Each structure stands twice: as structure tokens, then as C-alpha cells.
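Here the structure comes first, spelled out in C-alpha cells, and everything after it is commentary.
The values are calculated or read from the model by the stated rules, or taken from the named source; none is laboratory data. Being a predicted model, the structure only gives us computed values, none of them experimental. FYI the Cβ positions are ideal-geometry reconstructions off the backbone, even for glycines, and counts take in every protein chain you see. Ligands, DNA and RNA are excluded from the accessible area calculation, which covers all protein heavy atoms including side chains. Shrake-Rupley method; radii C 1.70, N 1.55, O 1.52, S 1.80 Å.
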Amino acid sequence: MAVKNALGRRDSGRDCWRAYACAVKYLRELRSLRWLVVCALFLGIISGFSSGFAMPILLKYLVRRIFDSPGTSIKAVAFYCSLPVILIGIRSMSGFFATCIVAQIGQDVVRSIREKIFH
């Protein structure tokens, strides 16, 4: 079944395979950067986990722990209140370093493609 593309022309499945083959050709440039890709993925997963999953569960636990238990000491409340700040710091740092690593990967791939084209 043919589908219209952005230009209004009818595309067949062959065009999708051509685009895939072109993308695979450029993905070969990532072989030398394998560890940077793994680090960026790992840091991205940590950043996503800490913001999307850990923060709601932590806040649910902290609200119950602070307000439901009578006689909570000031030190315990200060410790419980510092946990979200620590989690936000972890999320921020992992997101920052993941972004930096992805930018470095992009620069290295573009540099290697330019070297292959112009040398």
C-alpha cells in the first residue's frame, strides 16, 4: 500500500528501505564510539528513572513518613527533606552529562564523515 509523503508523492516500501540503508551506513560510524554511546544511554536512563519513577515514589514515602508518624525529630525531617534535593541533583547531573556525551558523539560522527568525504 502506497502512502503519501510530505511532498504529496506516493511512496512505496522501497523508499523506506533506502532511507534505512542510508541510516545504517552512518550508524557504522558509531562503532568506534561504542562506550560513549553506552554511557550516554546509561545516564539517560538514570535521568529518566529519577524524574519519572523515583521522585513520585520518594515523595509518597516521605509524606507518609513525616506527617503520619507522631514525634518525628527535627533531624529526621531535615534528612527526609534533603532526599528530594539529592535526587534532583542526581537527575540534573546525569541529564547534563548525557547531553554532553551525545553532543560529543555527534561531533565525532560528523568529523569522521567529513574526513571520509574530503580526504
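Key figures
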| quantity | calculated |
| --- | --- |
| Near pairs, Cβ below 9 angstrom, 6+ apart or cross-chain, from the stretch 12-32 (assigned to a helix (DSSP H, G or I)) to any residue that is modelled with pLDDT under 75 and open to solvent by 100 Å² or more (accessible area, probe 1.4 Å) | Gly13/Met1 |
| Candidate set: the stretch 47-85, residues that are among the hydroxyl-bearing types (Ser, Thr, Tyr) and within 16 Å of Gly95 (Cβ to Cβ); chosen: the one modelled with the highest pLDDT | Ser47 |
| Residue ID - most open to solvent (accessible area, probe 1.4 Å), chosen from residues in the stretch 23-50 that are aliphatic (A, V, I, L, M) and under 17 Å from Ser112 (Cα atoms) | Leu27 |
| Where a residue in the stretch 51-67 is open to solvent by less than 80 Å² (accessible area, probe 1.4 Å) and its partner, wherever it lies, is not in a helix (DSSP H, G or I), with Cβ under 8 Å and at least six apart | Ile66/Thr72 |
| Some residue of the stretch 102-111 being aliphatic (A, V, I, L, M) and either outside any helix (DSSP H, G or I) or modelled with pLDDT under 90 (or both) | yes |
| The stretch 71-100 - residue that is polar (S, T, N, Q) and assigned to a loop (DSSP other than H, G, I, E, B) and, of those, most open to solvent (accessible area, probe 1.4 Å) | Ser73 |
